[in-house]
Amino acid sequence: MLKQHKQMDIMIVPTETGNVKIFSYGFIPLGSRGQVYIDYNGVTISVKGYHRKKAIIRAITRLNESLLNKKED
């Protein structure tokens, strides 16, 4: 799943139903390509991009859409 990298940033956001784990690597130097993984209760989303904040926001948006689609089914 995750490869070994020189530097990986990890953020853990607690929620009522579990923890949202955000892994990001790359983006160094500024403007270079990187990747963000988000894991929440067994749902994993992966996003690539050139701007860390935008990639994290895009990954959270996709996670939200995925969870909403899962509830509808």
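Observations on the structure shown:
- Heavy-atom accessible area per residue - the chain, 1.4 Å, Å²: 75
- Options [x] 1.46; [y] 0.95; [z] 1.00 - which one matches Rg/Rh (Cα atoms, Kirkwood Rh) as calculated here: [z]
- Lysine pair count for the chain (Cα-Cα distance under 21 Å; residues 8 or more apart in sequence or on different chains): 10.
- Positive-end extreme of charge dipole, region 1-56 - chosen from Phe27, Tyr37, Ala55 (charges on Cβ): Phe27
- Residue-count net charge about Val13 - beta-carbon cut-off 14 Å; Lys, Arg +1, Asp, Glu -1: -2
- In the chain, the calculated helix contribution to ellipticity at 222 nm averages -10000 deg cm²/dmol per residue, counting -39,500 (n - 2.57) for every DSSP H run with n ≥ 4.
- The angle between the Cα long axis of helix 52-72 and the longest principal axis of the Cα atoms of the chain comes to about 20 degrees, rounded to the nearest 10.
- Neighbourhood charge, 13 Å Cβ-Cβ cut-off, centred on Ser32 and excluding it, Lys, Arg +1 and Asp, Glu -1: +4
The values are calculated or read from the model by the stated rules, or taken from the named source; none is laboratory data. The shown structure was predicted, so the numbers you read here are calculated from the model rather than taken from an experiment. Cβ: placed from backbone, ideal geometry, glycine included. Neighbour counts: every protein chain shown. Side chains included, ligands, DNA and RNA excluded: accessible areas come from the protein's heavy atoms. Shrake-Rupley method; radii C 1.70, N 1.55, O 1.52, S 1.80 Å.
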